[in-house]
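Visitor: Handing you a structure now.
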Amino acid sequence: MTLIKSISGMRGTLGGAPGTNLTPVDIIEFTSAYATLLKRHNKNSKVVLGRDGRVSGPQVSALVASTLSMMGIDVVDTGLSTTPTVEMEVVAQDAGGGIIITASHNNMSYNALKFLNEKGEFISAAEGTMLLEISSRRDFDYALAEHLGKITEVTDSIERHVAEIIKLPTVKLEAVRSRSFKIVVDCINSTGSIALPILADALGCECILINADINGTFAHNPEPLEHNLLDLSQAVKDHRADMGVALDPDVDRLAFVDENGKYCGEEYTLVMVANYILGQTPGPTVSNLSSTKALRDVTESHGQSYSAAAVGEVNVVTKMRDVGAIIGGEGNGGIIYPTLHAGRDALVGVALMLSALVTEEKASTLSAYRKLCPNYIMTKDKIQLTPELDVDDLLSKVATHYADHEVDTQDGVKIYIRDGWAHLRKSNTEPIVRVYTEGKDEGEANGIAGEVKELVAKILG
């Protein structure tokens, strides 16, 4: 059982005792702390609420909505929705913030509360720290009966989200419609089965759904990785589709399968879309330290500058603002296109990828477009945390071992080894240390991974 309280929100497994798992007590306390934070900042006392399709969503959503109302906060409940839709709805409703109930790529036993500010972006580290302090002190002040907040349901937020996407100048709407693309979508039994048909209809695409029942049980591991998408790959071939689209449960991560049923790699979602955007509107790009070097290569090939940020959407968005990036995101299939909004958005990613295919004369198929981008091989591993493991000490010892290499310690420790790199950092969402490595080929990537894992094993004894 797990409960993680962090500056980015609360995540955990359902059931068990308060303070050790995600229980009603913890949900109420954290929601009350968030409402208190909004009221202290004199922000609009309205919060937009939405959830993905997981089993515990209705119960958690009801607790959150009721708690906000008891704090005197009005609630705009979008019901089954997507993370990027809720983010955009905060701005559309002129709300003081938003709460998204989703554990993203985690399995069905998990759920989480993700907190947004009035811009529809994840709250800052400073605000997250204040929220944790308020929660720990239970420093809440609930409303009197005559000042309870109202709960209003909204049912058309996804339609408004899609309407904003197709208005973007970089979405070549008429050209995409004229191609009549056929796409297969793995909805992972969540809200992608609501959102993608709306987008596909607007873009004139034939949309075939698999794993479309919103029952929250997830037909496979919800991370959009190759070994989880075998059914999608087969469906693309069976239907002779132009592409396959893989989503996570809250539709902020995106991976593609090409027309031959071959997985393009979640790391290359951002790279391919950025290559298109850079050809349309040149400018800087940003990704996090754990993302592929291919984005830097593509960016520099367009004569533009690339910057790396610490892992975490809020860190990427901050860096993007600092450098004026036109596109950015994370190598987990998260595309952030600030012309629309500053959050990861799989829906805009699909629209931009289709626009790339009707724009690039030399690459009108997804397999051809993927070949335009440089190729690297990445390995992803993890170390399970235990109560006795001192993560900071472990990372410090790794950095010391590689003192004669280029080392970046802004987020865990990243070491540049030969023509590749290794990045070790504590996860924000799971009780693990992530260990990522990358090289120009499989041998180099595995060699770096083996070297680092051997060092870690030696340090841990």
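The values are calculated or read from the model by the stated rules, or taken from the named source; none is laboratory data. A quick note: this is a predicted structure, and the numbers were derived from the prediction, not measured. Because the Cβ atoms are built from the backbone with ideal geometry, glycine has one as well, and the counts that use them run over all protein chains shown.
Visitor: Do we find that Thr299 is of a type outside the set (Gly, Ala, Ser), under 19 Å from the mean Cα position of the chain (by Cα) and not assigned by TED's automatic domain parsing to the domain that holds Arg425 in this structure?
Guide: no
Visitor: Since Glu438 meets every condition but one in (1) closer than 28 Å to Ala112 by Cβ; (2) at pLDDT 90 or above; (3) acidic (Asp, Glu); (4) more than 19 Å from the chain's Cα centre (by Cα), which condition does it not meet?
Guide: (1)
Visitor: Shifting gears a bit: Looking at Gly12 and the list (1) surrounded by fewer than 22 Cβ atoms within 10 Å (Cβ to Cβ); (2) assigned to a strand (DSSP E or B); (3) out of contact with any helix residue (DSSP H, G or I) (no Cβ under 7 Å at 6 or more places or on another chain), which single condition is not satisfied?
Guide: All conditions pass for Gly12, except number (1).
Visitor: Could you grab the pairs with beta carbons closer than 7 Å, sequence gap of 6+ or different chains, first residue in segment 1-20 and closer than 18 Å to Ser136 by Cα, second one at pLDDT below 90 and acidic (Asp, Glu)?
Guide: Sorted first by the residue in segment 1-20, then by its partner, the list stays empty.
Visitor: Cβ contacts < 6 Å: first residue among the hydroxyl-bearing types (Ser, Thr, Tyr), restricted to segment 159-175; second residue modelled with pLDDT of 95 or more, any location; separation 6+ or different chain. Result?
Guide: Within 6 Å, the pairs are Thr170/Gln280.
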